[in-house]
Amino acid sequence: MQWYNVGKIVNTHGIRGEVRVISRTDFPEERYAEGSRLALFMPNSKTPIFLTVASHRRHKNFDLLTFDNHPNINDVEKYRDGILKVSENDLGNLDEGEYYYHEIIGCKVITTDGTEVGTVTEILETGANDVWTVTPEIGKPSYIPYIEDVVKEIDVEEKRIVIEPMEGLLS
């Protein structure tokens, strides 16, 4: 089974079992909703610890979570540095034209005239739109904005993306 990262527990918060999470999900309302089941993977362990979210709130740059049957700091201190994940079965469907990062990373990028640019190796969030790092076999990476004017076709089944580069985009 595939597991996907939704956040990392970086510390405890107070004495009532809250943990500070640096979120890695675009869907915190869904992932951290009361009753949601998350898998916690501790460093150097491949066996998940299943936790059910009891509460969620935002505080500064963190998501603060409590878990069922973990009412105080002593119950959650051991979870520090753990990674919260969801299984592939819990991902849910996206709207047309929306993709999970793991579907885009690894795709081959070619231009509309058939020139191979490279493979998507990273996705950078800029606020306005995502920017894909496309790394060729030889040479420097290119940075492709995920906008309609540039990205013409995405086929996640074939792991193939067709772009129409703007002038100066590929150097």
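For the condition without any contact (Cβ under 8 Å) to a residue 24 or more places away in the chain and in a strand (DSSP E or B), what is the one hit in 137, 157, 153? That would be 153, the only listed residue that is without any contact (Cβ under 8 Å) to a residue 24 or more places away in the chain and in a strand (DSSP E or B). Among the conditions (1) more than 30 Å from residue 34 (Cα to Cα); (2) touching a helix residue (DSSP H, G or I) at 6+ places or on another chain (Cβ under 9 Å), the only one that residue 121 does not satisfy is (2). Determine whether segment 45-55 contains at least one residue that is hydroxyl-bearing (Ser, Thr, Tyr) and buried (at least 17 other Cβ atoms within 10 Å of the Cβ). Looking through segment 45-55, none of the residues is hydroxyl-bearing (Ser, Thr, Tyr) and buried (at least 17 other Cβ atoms within 10 Å of the Cβ).
Within segment 1-35, the set of residues being on the phi < 0 side of the Ramachandran plot, surrounded by fewer than 16 Cβ atoms within 10 Å (Cβ to Cβ), not aliphatic (A, V, I, L, M) and not in a strand (DSSP E or B) comprises 2, 16, 26, 27, 29, 30, 34. Any residue in segment 65-84 that is of a type in the set (S, T, N, Q), assigned by TED's automatic domain parsing to the domain that holds residue 8, farther than 21 Å from residue 36 by Cα and more than 15 Å from the chain's Cα centre (by Cα)? Scanning segment 65-84 turns up at least one residue that is of a type in the set (S, T, N, Q), assigned by TED's automatic domain parsing to the domain that holds residue 8, farther than 21 Å from residue 36 by Cα and more than 15 Å from the chain's Cα centre (by Cα).
Residues checked against (1) more than 14 Å from residue 21 (Cα to Cα); (2) touching a helix residue (DSSP H, G or I) at 6+ places or on another chain (Cβ under 7 Å); (3) not hydroxyl-bearing (Ser, Thr, Tyr):
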residue	(1), (2), (3)
47	yes, no, no
54	yes, no, yes
59	no, no, yes
69	yes, no, yes
75	yes, no, yes
79	no, no, no
85	no, no, yes
88	yes, no, yes
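Before we move on, is residue 37 within 17 Å of residue 70 (Cα to Cα), basic (Lys, Arg) and at pLDDT 95 or above? No.
Tallying residues that are within 21 Å of residue 168 (Cα to Cα) and either part of a loop (DSSP other than H, G, I, E, B) or touching a helix residue (DSSP H, G or I) at 6+ places or on another chain (Cβ under 6 Å) (or both) within segment 124-134 yields 3. Screening residue 38 against (1) more than 21 Å from the chain's Cα centre (by Cα); (2) surrounded by 14 or more Cβ atoms within 10 Å (Cβ to Cβ); (3) in contact (Cβ under 8 Å) with a residue 40 or more places away in the chain leaves a single unmet condition, (1).
Close Cβ contacts (under 8 Å, 6 or more residues apart or on different chains) running from residues in segment 9-20 that are over 17 Å from residue 49 (Cα atoms) and of a type in the set (Gly, Ala, Ser) to residues that are surrounded by fewer than 20 Cβ atoms within 10 Å (Cβ to Cβ) and modelled with pLDDT of 95 or more comprise 14/73.
Filtering segment 115-129 to residues that are in contact with a strand residue (DSSP E or B) (Cβ under 9 Å, 6 or more places away or on another chain) and either farther than 30 Å from residue 46 by Cβ or outside the structural domain of residue 151 (by TED's automatic domain parsing) (or both) leaves 116, 117, 118, 126, 128, 129. Looking across segment 66-85 at every residue that is part of a loop (DSSP other than H, G, I, E, B) and not polar (S, T, N, Q), the one that is surrounded by the most Cβ atoms within 10 Å (Cβ to Cβ) is identified as 82. Checking the structure you have, find out if any residue of segment 86-108 is in contact (Cβ under 8 Å) with a residue 24 or more places away in the chain, in a strand (DSSP E or B) and within 30 Å of residue 11 (Cα to Cα). Within segment 86-108, one or more residues are in contact (Cβ under 8 Å) with a residue 24 or more places away in the chain, in a strand (DSSP E or B) and within 30 Å of residue 11 (Cα to Cα).
The values are calculated or read from the model by the stated rules, or taken from the named source; none is laboratory data. Values in this document were obtained by computation on a predicted structure and should not be read as measured data. No Cβ is skipped: glycine too gets one built from the backbone with ideal geometry, and neighbour counts run over all protein chains shown.
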